[in-house]
1. Give me log10 I(q)/I(0) at q = 0.11, 0.15 Å⁻¹ for segment 1-95, Debye formula, one equal scatterer per alpha-carbon, no solvent.
2. Please compute the alpha carbon radius of gyration of segment 1-43, then divide it by the globular-protein estimate 2.2 N^0.38 Å. Two decimals is fine.
3. In whole Hz, what ³J(HN,Hα) sequence does segment 80-94 give by Karplus (6.51, -1.76, 1.60; θ = phi - 60°), x for Gly and Pro?
4. What is the extension gain from residue 119 to residue 73, computed as 0.36 nm multiplied by their sequence separation minus the C-alpha to C-alpha distance, in nm to one decimal?
5. Using θ = phi - 60° and the Karplus curve 6.51 cos²θ - 1.76 cosθ + 1.60, what whole-Hz ³J(HN,Hα) does each residue of segment 60-76 get, with Gly and Pro shown as x?
6. Calculate one ³J(HN,Hα) per residue across segment 35-50 by plugging θ = phi - 60° into the Karplus curve 6.51 cos²θ - 1.76 cosθ + 1.60, and present them in order as whole Hz with x for glycine and proline.
7. Using alpha carbons only, how many angstrom separate the centre of segment 49-122 from the centre of segment 1-29?
8. Of all the Cα-Cα pairs you can form in segment 74-122, what percent are over 19 Å apart?
Amino acid sequence: VQLVESGGGLVQAGGSLRLSCVHSGRPFREYAMGWFRQGPGKEREFVASISWSGGSIYYTDSVKGRFTISRDNAKNTVYLQMNSLKPEDTAVYYCAAGYNPATTQARFYDYFGQGTQVTVDS
């Protein structure tokens, strides 16, 4: 399985970005997908996850109401729409593939992408 993220960049506080992650290799439908992030000097943390059907979605509290995770199984792609961005959202964002969308721990995801940098300027 390979995961390739895109869509990061520099944005002003209050702005929006849409991250994409293209999955290749084993069938996309086999996997729950997640987004994690790692800020400067911080550990990698869970952001959001979605089941293979899209019927189950989870968010960390700090992004609820601002971020939206979605997936297009026909395009083998998972998205993270990020609105009302804050400086504390600055991090490298990683796409992940696993089997249990309810888990927030990175060690239970089997594959990670290389990450895309998101920088929010105050």
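Nothing in this text is a laboratory measurement; each read-out follows from the coordinates by a stated rule. Note that the coordinates shown come from a computational prediction; the quantities given were computed from them, not determined experimentally.
1. -0.30, -0.55
2. 1.47
3. Rounded to whole hertz, the list is 9, 7, 10, 10, 6, 5, 10, x, 6, 7, 4, 4, 8, 9, 10.
4. 13.7 nm
5. Once θ is set to phi - 60°, the couplings for segment 60-76 become 6, 4, 5, 10, 4, x, 10, 10, 9, 9, 8, 9, 10, 5, 6, 9, 6 Hz.
6. Values, residue by residue: 10, 10, 9, 9, x, x, x, 10, 7, 5, 10, 5, 10, 7, 8, 8 Hz.
7. Each part reduced to its Cα centre gives a spacing of 9 Å.
8. In whole percent, the share of Cα-Cα pairs in segment 74-122 beyond 19 Å is 39.
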